[in-house]
Amino acid sequence: MAQKFPRDRFDSIPHGIDRVGAHRAPARRGAGWITFGWAALATVVLAAVGIGGVMVFNDRLNFGEAPVASPSATPVVTAEPVIAPDIPVLVLNGTATAGLAAKASETLTANGVPVGSAANASDETLTETVVYYATPDLEGAARGVAQFLPEADVRMSEQFAATGNQLVVVLGSDYAEATAG
């Protein structure tokens, strides 16, 4: 038989408390947003510290003084332009302009540069004229060729050396525009 106990203060449940036997006050309104805010802030801080740590570890972030260019910085040394009569030049037209390789070949031959052959490049949408040389010792010869071609740049590339060509001129649309007049 169930025993009857006298009523006390714990028998009266305040209005709005759904859980019986819980000895805590109801949760404050908006308490979940405060917890979410602290969690979001902690996430942002930890991510920033992690990214900063990785950047410092990889030497991408330097907290020292900013580098200052010294007035005595050594300039980039380039080879003097020379004509190499024993190295024939391959001239490739990298534009849709017909006869451009032949025109450049005539200019080079007239200035003492030997031209091995002239042809169209596989890409006809090139915008810049470049004289490629296969080995570092050919930079002077490449600059010698480039001095006769307006807008020509000089770059080392071993790609053409595999085909047996030491000096290759690839004409771009800048050469076509410079010689159009």
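Please determine whether any residue of region 32-51 is assigned to a loop (DSSP other than H, G, I, E, B) and modelled with pLDDT of 75 or more. Scanning region 32-51, I find no residue that is assigned to a loop (DSSP other than H, G, I, E, B) and modelled with pLDDT of 75 or more, so the answer is no.
Residues in region 107-147 that are among the β-branched types (V, I, T) and more than 14 Å from L167 (Cα to Cα): T107, T109, T125, T127.
Can you say whether L149 is in contact (Cβ under 8 Å) with a residue 24 or more places away in the chain, out of contact with any Asp or Glu (no Cβ under 8 Å at 6 or more places or on another chain) and assigned to a helix (DSSP H, G or I), as far as the supplied structure shows? Answer is no for this residue. Each residue in region 149-164 was checked for being modelled with pLDDT of 85 or more and among the acidic types (D, E), and 1 of them qualify.
The values are calculated or read from the model by the stated rules, or taken from the named source; none is laboratory data. Since the model is a prediction, treat every value here as computed from it, not as a measurement. Cβ sites come from the backbone with ideal geometry, for glycine too, and all protein chains shown count toward neighbours.
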